[in-house]
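A.B. asks: Have a look at the structure that comes next, please.
The values are calculated or read from the model by the stated rules, or taken from the named source; none is laboratory data. Please read all numbers here as calculations on a predicted model, not as lab measurements. Positions of Cβ are generated from backbone atoms using ideal geometry, with glycine treated the same way; all protein chains shown enter the neighbour counts. In case anyone asks, the SASA skips ligands and DNA or RNA and just uses the protein heavy atoms, side chains included. Shrake-Rupley method; radii C 1.70, N 1.55, O 1.52, S 1.80 Å.
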Amino acid sequence: GQNIDQPTEMTATEGAIVQINCTYQTSGFNGLFWYQQHAGEAPTFLSYNVLDGLEEKGRFSSFLSRSKGYSYLLLKELQMKDSASYLCAAWTDNAGNMLTFGGGTRLMVKP
Amino acid sequence: EPEVTQTPSHQVTQMGQEVILRCVPISNHLYFYWYRQILGQKVEFLVSFYNNEISEKSEIFDDQFSVERPDGSNFTLKIRSTKLEDSAMYFCASSERHTNTGELFFGEGSRLTVL
């Protein structure tokens with residue numbers, strides 16, 4: 001089956017840097033997405049990694065290592081509005097093409 | 001900015017009743033999806049739809065569920081006989097390309113409460 005693990009909760013300080021890790025065990029892996037979800041709202045796209053390495057987009061960066069089944073999302077210059085859940089999701093084509101989400105990491109940014 | 005819209009935002013129904021959740025995907029998108037999120041749990045894939053037919057479905061998407069694209073703009077999810085455990089937030093999503101090359105755009109969700 002598909003298994004995606006990420007920490008349940010993290011706390012960080014405004015202005016700081018935080019790294020949210022995600023490990024996955026999947027077959028038919030095609031790529032790794034990160035989504036942000038504020039409470040009671042829809043997930044919104046942050047990044048997508050297909051190849052190994054770092055993808056940078058403003059304050060957010062995402063890293064993928066396919067050989068290690070590992071990804072992380074790096075958030076710099078944290079702002080209060082970054083308090084949200086961050087969802088790691090793997091796109092696989094084994095037993096059907098689908099996006100499988102992890103349980104999400106709830107990030108709380110404190111002043 | 002184009003967006004995926006869903007109606008209703010919240011529906012309360014009695015167990016055993018039929019429910020239809022509606023979605024209007026982004027107009028030039030070709031791939032459509034339904035996901036659900038039970039309160040406090042992970043987002044779960046239900047079904048994907050392309051070229052007027054189901055392309056993939058999960059184990060959750062049993063015979064009680066169906067999807068339809070009745071016209072050129074709407075994409076609906078029907079639950080024939082709702083159960084208590086169907087209570088969840090249902091998200092519609094669409095993408096311009098198949099997801100492994102393009103991001104999913106999610107609607108704001110329809111919260112279903114089954115009593």
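A.B. asks: Residues of the stretch A:8-48 with backbone nitrogen within less than 14 Å of a virtual label 7 Å along the Cα-to-Cβ line of residue A:54, please, listed as ranges.
C.D. replies: The answer is A:17-20.
A.B. asks: If you bin the C-alpha pair distances of the stretch B:1-97 every 5 Å from 0, what whole percents do you get?
C.D. replies: Taking every Cα pair in the stretch B:1-97, the percentages come to 3, 13, 25, 27, 19, 10, 3, 0.
A.B. asks: If you place +1 on the Cβ of every Lys and Arg, -1 on the Cβ of every Asp and Glu, and leave all else neutral, what size is the dipole of the protein assembly as shown about its Cα centre, to the nearest 20 Debye?
C.D. replies: Its charge dipole is roughly 320 debye.
A.B. asks: What figure, in Å² to the nearest 10, do you get for the accessible area of residue B:31 with a 1.4 Å probe and non-protein molecules left out?
C.D. replies: Surface open to solvent at residue B:31 totals about 40 Å².
A.B. asks: Need one word for the protein assembly as shown: rounded, prolate or oblate. Basis is the Cα gyration tensor (sqrt eigenvalues a ≥ b ≥ c); a/c below 1.5 gives rounded, then a/b vs b/c decides.
C.D. replies: Prolate shape, in that a/c is at least 1.5 and a/b is the bigger ratio.
A.B. asks: Among B:34-41, B:57-64, A:42-49, how do they line up from the highest to the lowest mean number of other beta-carbon atoms within 10 Å?
C.D. replies: Top of the packing list down: A:42-49, B:34-41, B:57-64.
A.B. asks: Let me ask you something else. How charged is the neighbourhood of residue A:100? Take every other residue with its Cβ under 13 Å from the Cβ of residue A:100, and add Lys/Arg as +1 and Asp/Glu as -1.
C.D. replies: Result for the neighbourhood of residue A:100: -4.
A.B. asks: Once every Cα of chain A carries one equal point scatterer and solvent is ignored, give the base-10 log of I(q)/I(0) from the Debye formula at q = 0.12, 0.13, 0.18 Å⁻¹, two decimals.
C.D. replies: Debye curve over Cα of chain A, log10 I(q)/I(0) at q = 0.12, 0.13, 0.18 Å⁻¹: -0.38, -0.44, -0.83.
A.B. asks: I want to check the label-to-label distance for residue B:73 and residue A:19. Put each point 7 Å from Cα in the C-beta direction and report it in nm to one decimal.
C.D. replies: 4.8 nm
A.B. asks: While we're here: As a test question: what accessible area, to the nearest 10 Å², does residue A:80 have when a 1.4 Å probe is rolled over all protein chains in place?
C.D. replies: Taking all protein chains as shown, residue A:80 has close to 80 Å².
A.B. asks: Let me ask something else. What percent does the relative contact order of chain B come to when contacts are Cα pairs within less than 8 Å and at least six residues apart?
C.D. replies: 38 percent
A.B. asks: Report the one residue of B:37, B:23, B:52 whose Cα lies farthest in the direction of the positive end of the charge dipole of chain B (charges on C-beta: Lys and Arg +1, Asp and Glu -1; origin at the Cα centre).
C.D. replies: Result: B:37, furthest along the dipole toward the positive end.
A.B. asks: Determine the shielding of peptide A:47-58 by partner chains: average, over its residues, the number of Cβ atoms on other chains within 10 angstrom of each Cβ.
C.D. replies: 1
A.B. asks: If you find the alpha carbon centre of the stretch B:1-58 and of the stretch B:62-96, how far apart are they in angstrom?
C.D. replies: Each part's Cα centre sits 5 Å from the other's.
A.B. asks: Same structure, new question: Could you work out, residue by residue across A:36-42, how many beta carbons of other chains sit within 10 Å of that residue's beta carbon, and then give the average as an integer?
C.D. replies: Shielding by partners across A:36-42 averages 4.
A.B. asks: Other chains near A:29-35: what is the mean number of their Cβ atoms within 10 Å of each residue's Cβ?
C.D. replies: Counting other chains' Cβ atoms within 10 Å and averaging over A:29-35 gives 2.
A.B. asks: Right, here's the next one. I need the semi-axes of the equivalent ellipsoid of the stretch A:12-56: take the C-alpha gyration tensor, multiply each eigenvalue by 5, square-root it, list largest first in whole angstrom.
C.D. replies: One finds semi-axes of 22, 16, 11 Å for the stretch A:12-56.
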